[in-house]
Amino acid sequence: MEDSLHNLRHGDQPKIATLDIPELYQCVHCGLCLNQCPTYRALRLEPESPRGRIHLVKAAADGRIELNERFKEHLYLCLLCRACETACPSGVQYGHIAETARAVIGPPGSKLGRIILNLAFTQLLPFPGRLKILFGVLRLYQRTGLQRLVQPLLPRKIRQMDAMLPAIPQRRSQANAQVLSAIGPRRARVAFLNGCVMPLLFGDINDATVRVLQRNGCEVVFPKGQTCCGALNTHNGETSSAKEMARRNIDAFLTAGVDAIIVNAAGCGAAMKEYGHLLGDDPDYADKARRFSSLVKDAAEFLAQIGLAGKLGELRMTVTYQDPCHLAHGQRVRSQPRQLLQAIPGLKLVEMNGSERCCGSAGIYNITHAEMSQQLLQEKMPAIAATGAEAVVAPNPGCMLQLRYGAQKYGPNVEVYHLMDLLDRAYASGESSPANEG
Ligand code: SF4
Ligand code: SF4
């Protein structure tokens, strides 16, 4: 640690800023978080641990070290998986510390890289129409064979990113009505977050989630004017655009008069549950943001709370479950998805060793820190193989893409499902089972 501080003091980009983070002073340096931290487990270096990063941020806040590129690298090698928060007996909210520090220092890397990220966060993610055009172009790039021609010519890093690009489906989410009725007696009125890339990459999963909600007696509304949750912005120091996106969502959803706001992507749910914190100093939105956050529920959390209704048919399969970090650590939702899986007749759930450990996806981390991301993925895939399961369930789009890539590149050759997809299949199987015929 002292070596690291020495290098930071002598960095070539001195930039002292005052960081005002009360959570910094809650850490008692016990170290109980260290072995839960993926970067510390991989590198065994204190500055790549939660305790080390807290120490660095505190030193910066006290003006003892400079906020140079090296400081940024330590802060950004962190996956923001928040496993350290689950492990911490003092309740240190490391996520708040890292996000506040990142908002002060901005992203690392070249000027061009920072400009591209800034454009993506502020000019792309908040605008569904622009994202749709981009994905349309990428689909053409894949379908016309251009990708196969161009890929070998790309620089290594870009080639790696290109190889991770999933096949972009033509079919997009059908869930674009304003209101869909409950099937059977109405038990709740809920609003659904479409998400930014979910309708473009996983439209079928959005549709499956909505069908499952309807079958569970939910009237589902899709508030107009909703936008991306802003999670990637918050995680990458783009706080002002994240706040703007949060305000747009609050305006769109709070007028819908719903019992809950349902999210089927763990990272989005975690970010939306934090709007109260994000807008805590905004006099016009602080109260509304807290109210909004109190309504946000992960789809599994909500369904486990109201109890599954209707007939689930058999799915004869053995699956294992990967806890998305922002569901397990960010929202402390671990038992509910398992409970729902175990409710499916014929399905066998086999626990995976280290299911709560990050798969290396972490938003755009698998692009910005490909090496560490791949290292974590290479640890994850044998853990999946050891379960003997034919499929892995991971209710978060980033984890699904990462695990599909892992299955293809490292094996085992498992299917990767979203929990809502399996529930939807089980309901469909229930409908077509002999007991329901005639
Ligand atoms: S958020 Fe994850 S990677 Fe970052 S310090 Fe905590 S445990 Fe380590
Ligand atoms: S973050 Fe929590 S677990 Fe980690 S060293 Fe500080 S007090 Fe201990």
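So if I place +1 on the C-beta of Lys and Arg and -1 on the C-beta of Asp and Glu, and nothing else carries charge, what would the dipole magnitude of the stretch 230-302 be about its Cα centre? I want it in debye, nearest 20. Here the size comes out at about 80 debye. Here the scattering of the stretch 244-350 is modelled by Debye summation over its C-alpha atoms, one equal scatterer each and no solvent; at q = 0.12, 0.18, 0.23 Å⁻¹ the log10 of I(q)/I(0) is -0.49, -0.88, -1.20.
Spherically averaged projected area of the convex hull of Cα atoms, the stretch 371-425: 3.7 nm².
Ranking of R53, R41 by neighbouring Cβ atoms within 10 Å, starting from the fewest: R41, R53.
Can you classify the stretch 134-244 as rounded, prolate or oblate using the Cα gyration tensor, where a ≥ b ≥ c are the square roots of its eigenvalues, rounded means a/c under 1.5, and otherwise it's prolate if a/b beats b/c and oblate if not? It is oblate, given that a/c is not under 1.5 and a/b is not larger than b/c. Highest GNM mean-square fluctuation among R211, R186, R148, for the chain modelled with Cα contacts below 10 Å: R148. Multiplying each eigenvalue of the alpha-carbon gyration tensor of the stretch 311-434 by 5 and taking the square root yields semi-axes of 26, 15, 12 Å, largest first, rounded to whole angstroms. Both radii were evaluated on the Cα set of the chain; the Rg over Rh quotient, with Rh as the Kirkwood radius, amounts to 0.96. DSSP bridge analysis restricted to the chain gives an antiparallel fraction near 10%, rounded to the nearest 5. Within the listed set R114, R51, R404, the residue fluctuating most in the Gaussian network model of the chain (springs between alpha-carbon atoms under 10 angstrom) is R114. The length gained on full extension between S432 and E371, counted as 0.36 nm times the residue separation minus their Cα-Cα distance, comes to 17.3 nm. Shape annotation for the stretch 42-167: C-alpha extents along the principal axes are 54, 32, 31 Å, from largest to smallest. To the nearest 10 degrees, how steeply does helix 370-387 sit against the main Cα axis of the chain, on a 0 to 90 scale? Compared with the principal axis, the helix lies near 40 degrees.
Compared with the dominant Cα axis of the chain, that is its longest principal axis, helix 397-409 is turned about 90°. Taking the fewest neighbouring Cβ atoms within 10 Å as the starting point, the ordered list for H29, H369 is H29, H369. Taking the Cα centre of the chain as origin and assigning +1 to Lys and Arg Cβ atoms and -1 to Asp and Glu Cβ atoms, the resulting dipole is close to 840 debye. When the inverse distances between all different Cα atoms of the stretch 179-304 are averaged and flipped, the Kirkwood radius reads 14.5 angstrom.
About its Cα centre, the stretch 113-164 has a charge dipole of approximately 80 debye under the convention of +1 per Lys or Arg Cβ and -1 per Asp or Glu Cβ, with nothing else charged. Three semi-axes describe the equivalent ellipsoid of the stretch 113-164; taken as square roots of 5 times the Cα gyration tensor eigenvalues and ordered largest first, they are 23, 16, 6 Å. If you plug the beta carbon distance of L149 and R114 into 1/(1 + (r/R0)^6) with R0 = 35 Å, you get a FRET efficiency near 0.70. For the chain, modelled as a GNM with alpha-carbon contacts under 10 angstrom, which of P155, P89, P337 fluctuates the most? Largest GNM mean-square fluctuation: P155.
Any read-out appearing in this document is the output of simple, stated calculations on the displayed coordinates, not a laboratory observation. This one's a predicted model, so the numbers in the text were calculated from it and none came from an experiment. Cβ atoms come from the backbone with ideal geometry, glycine included; neighbour counts cover every protein chain shown.
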